[in-house]
Amino acid sequence: MASELSSDVTKAKRIVFQLLKFRARSRKEIEDRLKKKKFTRETINSVIDYFDKLDLINDQEFASCWMKSRLTKPLGLRRISFELKQKGITEEIIEQLKDNIKDSYNEYEVVSDLAKSKLNKLKNIELDKAKSRIYRYLLSRGFSIDVINEVVSEL
């Protein structure tokens, strides 16, 4: 029984190393992947503890990197927050990250630049139809409805 557990832990560690080789993962992502592979709760906990000690699973760092990369797409804070929640990041960490970037992130500017760029691509379409498409585009990227309304009304 002990050797079976040891064998499962080794297999699970290999899987996690493989996952982390491509990108950082949240604790929940790793747990979900190991559950999907039918590992026992005991094995999953053991492996998560192991990677925690190595500091290879760190939800705070993961969320920070995820937010930075998604802001460069650019995506809105609503969408990024939603993605992080899906990845098991706590509301507390998400709010802390939002507070940290408030000074350096101007959503109005980002939305305005995207809207103008999109409008240039839609110049052969009547203005009302173009505004509607831009509105939906910006909404799908997770920007604030208030900011979208303000920017689209200025087009």
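Rule-based calculations on the coordinates, nothing more; no lab input. Here the structure is a predicted model, which is why all the values come from computation and not from measurement. Cβ: placed from backbone, ideal geometry, glycine included. Neighbour counts: every protein chain shown.
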Trypsin sites (Lys or Arg not before Pro) in the stretch 81-119 lying in a DSSP loop, each with at most 13 other Cβ atoms within 10 Å of its Cβ, come to LYS102
Go through the stretch 22-62 and name the chymotrypsin sites (Phe, Trp or Tyr not before Pro) that are in a DSSP coil and have 16 or fewer other Cβ atoms within 10 Å of their Cβ. none
GluC sites (Glu not before Pro), restricted to the stretch 54-143: which are DSSP loop and have at most 13 other Cβ atoms within 10 Å? GLU126
Can you give me the distance in nm between label points at TYR105 and LYS85, each placed 7 Å from the Cα along the Cα-to-Cβ direction? 1.5
With +1 on each Lys and Arg Cβ and -1 on each Asp and Glu Cβ, how big is the dipole of the stretch 2-57 about its Cα centre, in debye rounded to the nearest 20? 340
Pick from ILE93, ILE30, ILE145: which is most flexible by mean-square fluctuation in a GNM of the chain where alpha carbon atoms under 10 Å apart are linked? ILE145
When only C-alpha pairs under 8 Å and at least 6 residues apart count, what is the relative contact order of the chain, in percent? 22
What's the exposure ranking of LEU54, LEU155, going from fewest to most Cβ atoms within 10 Å? LEU54, LEU155
Given +1 on the Cβ of Lys and Arg, -1 on the Cβ of Asp and Glu, and no further charges, what dipole in debye does the chain carry about its Cα centre, rounded to the nearest 20? 980
